[in-house]
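Trainee: This structure is in structure tokens; I'll ask about it shortly.
The values are calculated or read from the model by the stated rules, or taken from the named source; none is laboratory data. Since the structure is predicted, the reported quantities are computational estimates derived from the model, not experimental observations. Heads up, the Cβs are rebuilt from the backbone with ideal geometry, glycines too, and the neighbour counts pull from every protein chain shown. All accessible areas refer to the heavy atoms of the entire protein, side chains included, with ligands and DNA or RNA removed. Shrake-Rupley method; radii C 1.70, N 1.55, O 1.52, S 1.80 Å.
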Amino acid sequence: MAELIVESFALGPLQTNAYLIMNEARSQAIVIDPGMGPERLLRRVETLDVPVQAILLTHAHFDHMGGVEAARKAWGCPVYLHDLEADWLTEPRKNGSARWPDVTEPLTTDPAEHALDDGQSLQLLGVTFRVLHTPGHSPGSVSFHYGKHLFSGDVLFRLSVGRTDLPGGREADLYDSIRNKLYKLDPEVRVYPGHGPQTTLGFEMANNPFAPAH
């Protein structure tokens, strides 16, 4: 199985994790969740001089999509987002940026070029990423899985889970997503969350106080 190189950038006032993922030769890249204040990420891509194939969004809350406009202009690549949040990129009230004026100005960008769906296969970087629809934090939340890599957005964190009190959130859906989709994967899979440090599925199954395996 082909190796991937993953670099993480904690961006913006909410320290949202953006991920720059490259093939082993560093000849192609994708970016997951370019958040607010993406300058460090943009500089890194420019320094590496690596073409970015796609921007993948785990969901469309403002802290995860805040850098999409700048990234699109810099890289000229398409954006992928689940259809249940298709209009969130153009609606500050839906993406949440209009709700927290003390954190950000209203944020918008053009709609995503590609819709994501559960079980979809994405051929990127010469490998196949599988899309898992993992709602609960938001209705269109997805996780991206390849080999021993899982990019979980705001669904599962180290020793925590995503909040469900925002519009479209639902606690029962979140726990169903974690237990019946994420925990069905290999326990050795490394979790790259939307905030905070990395973890593994096995560690969370055994230790997560909010979402134990049993």
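Trainee: State all residues of the range 43-69 that are open to solvent by 40 Å² or more (accessible area, probe 1.4 Å) and part of a helix (DSSP H, G or I); if no residue qualifies, say none.
Mentor: Arg43, Arg44, Glu46, Thr47, Leu48, Glu69
Trainee: Considering only residues that are open to solvent by less than 30 Å² (accessible area, probe 1.4 Å) and within 13 Å of the chain's Cα centre (by Cα), which ones fall in the range 191-213?
Mentor: Val191, Tyr192, Pro193, Gly194
Trainee: Same structure, new question: Pull out all pairs, ordered by first then second residue, where Cβ-Cβ is under 7 Å, the residues are six or more apart or on different chains, the first lies in the range 153-181 and is in contact (Cβ under 8 Å) with a residue 12 or more places away in the chain, and the second is small (Gly, Ala, Ser) and part of a helix (DSSP H, G or I).
Mentor: Matching pairs, first to second residue: Val155/Ser177.
Trainee: Considering the range 18-42 alone, what residues qualify as being open to solvent by 10 Å² or more (accessible area, probe 1.4 Å) and in contact (Cβ under 8 Å) with a residue 60 or more places away in the chain?
Mentor: Correct list: Asn23, Gln28, Met36.
Trainee: State all residues of the range 70-81 that are surrounded by fewer than 18 Cβ atoms within 10 Å (Cβ to Cβ), not in a loop (DSSP other than H, G, I, E, B) and not aliphatic (A, V, I, L, M); if no residue qualifies, say none.
Mentor: Within the range 70-81, Lys73 is the sole residue that qualifies.
Trainee: Taking the range 58-83 as the region of interest, how many residues are touching a residue at least 60 places away in the same chain (Cβ under 8 Å) and hydrophobic (A, V, I, L, M, F, W, C)?
Mentor: Qualifying residue count, the range 58-83: 1.
Trainee: Residue by residue through the range 43-83, note down the ones that are of a type in the set (Ser, Thr, Tyr) and either modelled with pLDDT under 95 or under 11 Å from the mean Cα position of the chain (by Cα) (or both).
Mentor: Thr58, Tyr80
Trainee: Looking at the range 82-170, what strands (runs of 3 or more DSSP E) fall wholly within it and have at least 2 residues that are farther than 18 Å from Gly35 by Cα and open to solvent by 30 Å² or more (accessible area, probe 1.4 Å)?
Mentor: In the range 82-170, 114-116, 121-124, 127-133 are the strands (runs of 3 or more DSSP E) which contain 2 or more residues that are farther than 18 Å from Gly35 by Cα and open to solvent by 30 Å² or more (accessible area, probe 1.4 Å).
Trainee: Are any of the residues in the range 82-90 β-branched (Val, Ile, Thr) and more than 15 Å from Ala18 (Cα to Cα)?
Mentor: Scanning the range 82-90, I find at least one residue that is β-branched (Val, Ile, Thr) and more than 15 Å from Ala18 (Cα to Cα), so the answer is yes.
Trainee: Additional query: Scan the range 3-14 and give yes if some residue there is under 21 Å from His114 (Cα atoms), over 13 Å from the mean Cα position of the chain (by Cα) and part of a strand (DSSP E or B), otherwise no.
Mentor: no
Trainee: Restricting to the range 133-155, give me the number of residues that are under 18 Å from His61 (Cβ atoms) and not small (Gly, Ala, Ser).
Mentor: Adding up the residues that qualify gives 10.
Trainee: While we're here: From Ser141, Ser121, grab the single residue that is in contact with a Pro (Cβ under 6 Å, 6 or more places away or on another chain) and at pLDDT 95 or above.
Mentor: Ser141
Trainee: Return the pairs, sorted by first residue and then second, in which the second residue is open to solvent by less than 80 Å² (accessible area, probe 1.4 Å) and acidic (Asp, Glu), the first residue lies in the range 44-56 and is more than 16 Å from Pro78 (Cβ to Cβ), the beta carbons are less than 9 Å apart, and the residues are 6+ apart or on different chains.
Mentor: These pairs meet every condition: Arg44/Glu7.
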